[in-house]
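Enquirer: One structure coming up, written as C-alpha cells, with questions to follow.
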Amino acid sequence: ARDFTWERVEAVLDAIAVHLLSKGETGVVVGSDTRFLSPEMAADAAGRLASAGFKAILADRPTPTPVLSHAVRSLGLGGVVNFTASHNPFSYNGIKFSPSHGGPAGSDVTSSIEALIESGARPEQCSGGSVEQKNLIDPYIEALGAFFDRKCIGGSALRVVYDPFNGTGAGLLDGILRSSGAAVRTIHEARNPLFDGRHPEPNENGMRDVSREVVRSRAGLGLATDGDADRFGITDENGVFVSPHDYLALLLCHLVEKRGGRGRVVRSVSTGTLLDRAARELGMDVVETPVGFKYLGAEMLEGGVLLAGEESGGLSVGGHVPEKDGILACLLAAEIVASSGRGLSALLEELWARFGRLFHRRLDIALTEETRRRVSSALLEAVPPELGGARVASTDNKDGRRFMLEGGGWVLVRLSGTEPLARIYLEAPCERMLSSLEEHLRDLLERGV
C-alpha cells in the first residue's frame, strides 16, 4: 500500500500495453501468485488490457511462473503479465513481465517499459479485446511429461515430503508425484498471503519444517518450491539440505550418464564450480553468465543447452521453458532417487569422491547508508591483498566484484537487484577456510578491519 499501489500498477500495465502494441502483439497471458490481492490485481489487469484491444488469457487460479511461461509459448501470445514477488517476504509484491519466448525480459525490454512509464504512456481504448479465463496447468503437466520419467518414480515406492510455502505449487507438484505412484505428505499447502509467518524461500533455513518432517515420517526425499514455484529446495533422506551447487552437478551427471544428454552447461557467476568439474570430465562446455535467469534464459534461446542453473535455486533444461522451474527441478530429484534406488546422501558422497567437495555460504548484508559505504569502499572500489588468510590472486567484474583466491575458492560481492541487500557469496575447498572468509568479511564490514 506504500509503494505497490493500484495507481502504479495501472501505469506499468499501460506501459506494457504500449510496448506490446509497438511490436504488433495483441495477445497476453495474465496470472498471479497467492499474495495479498495478487489474484484480484491479475483480474483487473486482464480487463484493463482487454480495453486496449488485447486478447487476455487469465489463469483460473494462482499459477506458477513456469506454467505461465509455458502458456505464452504454447498459445503463441505476445507476453506474460504476472503478479508475484517470487521468494521475497510477504510485504512485497511485483509485476513480472515476460516476452513471447516465456523467459525473463532482457534489459532492453525492461528499459523500454521503464521509459514508457516515465513518459506516462497510455494505450488508446478500443473494442475487440477480450478476457478468457483458462486452465493453464493441465497443458503444462502434459508437456512436462517429456522431461521426467514418470514410470521410474512410480515403480520405486518413493516417499516424499513437499512444502509449497503456501504458494502456487500446492496441488501441482504433489499431484504429479501422487499420480506417478509416489507417496507424498504436503505441509503448508493452504493459501496464506502471510506464508504462515515464514519467508517463502526454500533455502536451508526455510526448509527446517521439511527436514523435521522427513526425519519424523522416514521419507526418502524432501522437496519445496517458493511462492511462485520457480525456485526449488531439496533435502536428502536424513533431512539434510542439499545445496543447489551440489544438486546441479549431480543432475548433470544424471542427465548425461543415465539419459545420454549432450549440450552446453550454463551457470551464473554466483554458482559453484563443482558443476564445472563435472562438466569437464563429461566433455561439456560451460558458459558463465551474470546473476539472473534472464542471462541463462538467453543462452537457452540460442539452443544447444542441456542444463542451465543458478545457486539461488533456479534451473531449466534444454527444450523446456527458458525460465526457472522449481516443479521440474523437484521432479528430476525424485527421478534421480527413484532410478538409483538410493538416497541423495549416498549419491552426494559418490559425487564428492569423484570430483572433490566444495563448501559454500551466502551472506546477506542489510544495506544502511553506512554499510553501503563500507561494502563499496572495502570490496567494490578496492582490492584487499588477502581475504580470510588467503591471498587474492585475481579479480573480475562480470557481476559485482569477484576475488579469486590462491589455493582455490573465491568471494563474490554484488548488490541485490530485488532487495536492499549486499549479497556476498563464498566458495572454499574446506569448511575452515569458509569460516575464516566469513569472519574476515564480517569484521571488514562491521568494524572496518
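The values are calculated or read from the model by the stated rules, or taken from the named source; none is laboratory data. This structure is a prediction, so every number in the text was calculated from the model and none was measured. A quick note on method: Cβ atoms are made from the backbone with ideal geometry, for glycine too, and the neighbour counts reach across all protein chains shown. Side chains are part of the model used for accessible areas, which takes the heavy atoms of the whole protein and leaves out ligands, DNA and RNA. Shrake-Rupley method; radii C 1.70, N 1.55, O 1.52, S 1.80 Å.
Enquirer: Kindly report, to the nearest 10 Å², the accessible surface of Glu350 as traced by a 1.4 Å probe over protein heavy atoms only.
Expert: 90 Å²
Enquirer: Further, regarding this structure: Would you list Arg402, Arg185 from the most to the least accessible area, probe 1.4 Å?
Expert: Ranked list, largest accessible area first: Arg185, Arg402.
Enquirer: So for the pair Ser22, Glu381, with labels modelled 7 Å out along Cα→Cβ, what separation do we get in nm?
Expert: Calculated label separation equals 3.6 nm.
Enquirer: Where both residues lie in the chain, what percent of DSSP beta bridges are antiparallel, nearest 5?
Expert: Once the DSSP bridges in the chain are tallied, antiparallel ones form about 55 percent.
Enquirer: With springs connecting C-alpha atoms under 10 Å apart, model the chain as a Gaussian network and identify which of Gly388, Gly239, Gly78 has the largest mean-square fluctuation.
Expert: Judging by the Gaussian network model, the answer is Gly388.
Enquirer: Hey, rough spin-label estimate for Ile141 and Arg216, points 7 angstrom out along Cα→Cβ, what's it come to in nanometres?
Expert: 2.8 nm
Enquirer: Under unit Cβ charges (Lys, Arg +1; Asp, Glu -1), what dipole magnitude, rounded to 20 debye, does the stretch 338-404 have relative to its Cα centre?
Expert: 120 debye
Enquirer: Moving on to the next point. To the nearest 20 Debye, how big is the dipole of the chain about its Cα centre, given +1 on the beta carbon of each Lys and Arg and -1 on that of each Asp and Glu?
Expert: Approximately 680 debye in magnitude.
Enquirer: Same structure, new question: Which distance in nm do the two modelled labels at Asp3 and Ser119 give, with both placed 7 Å along the Cα-to-Cβ direction?
Expert: So the two model labels end up 2.6 nm from each other.
Enquirer: How much FRET efficiency would the formula 1/(1 + (r/R0)^6) give for Asn397 and Val287, where r is the Cβ-Cβ distance and R0 is 25 Å, rounded to 0.05?
Expert: On the way: r = 18 Å, r/R0 = 0.71.
With a Förster radius of 25 Å, E is 0.90.
Enquirer: Any idea which of Tyr425, Ala353, Thr5 is furthest toward the positive side of the dipole for the chain, if Lys and Arg beta-carbons carry +1 and Asp and Glu beta-carbons -1?
Expert: Ala353
Enquirer: Round to the nearest 10 and report in Å² the accessible area of Asp236, as given by a 1.4 Å probe over the protein chains' heavy atoms.
Expert: Accessible area, nearest 10 Å²: 10 Å².
Enquirer: How big is the gap, in Å, between the Cα center of the stretch 246-310 and the Cα center of the stretch 323-370?
Expert: The distance from the Cα centre of the stretch 246-310 to that of the stretch 323-370 comes to 13 Å.
Enquirer: Let me ask you something else. Rank Lys55, Lys324, Lys96 by accessible area, highest first, at a 1.4 Å probe radius?
Expert: Greatest to least solvent exposure: Lys55, Lys96, Lys324.
Enquirer: Could you work out which residue, out of Leu68, Leu248, Leu437, moves most in a Gaussian network model of the chain, that is, has the largest mean-square fluctuation with Cα springs under 10 Å?
Expert: Leu437
Enquirer: Something else about it: Considering all alpha-carbon pairs of the stretch 195-315, what whole percent are spaced by more than 16 angstrom?
Expert: 63 percent
Enquirer: While we're on this one: Order the following by accessible area, largest value first: Glu311, Glu288, Glu302. Probe radius 1.4 Å; ligands, DNA and RNA are ignored.
Expert: Sorted descending by solvent-accessible area, the residues read Glu302, Glu288, Glu311.
Enquirer: Now, a different point. Please compute the Kirkwood hydrodynamic radius of the chain from all pairs of different C-alpha atoms, in Å with one decimal.
Expert: Result for the chain, one decimal place: 22.7 Å.
Enquirer: Would you compute, from DSSP H runs of 4+ residues alone, the mean residue ellipticity of the chain at 222 nm, taking -39500 (n - 2.57) per run and dividing by the full residue count, rounded to the nearest 500?
Expert: Dividing the helical sum by the residues of the chain leaves -11000 deg cm²/dmol.
Enquirer: What order do you get for 262-275, 191-204 when each peptide is scored by the mean count of other beta carbon atoms within 10 Å, highest first? Walk me through the numbers on the way to the answer.
Expert: Numbers: 262-275: 23.1, 191-204: 18.1.
Ranked by mean Cβ neighbours within 10 Å, highest first: 262-275, 191-204.
Enquirer: For the chain, modelled as a GNM with alpha-carbon contacts under 10 angstrom, which of Ser339, Ser394, Ser312 fluctuates the most?
Expert: Ser394
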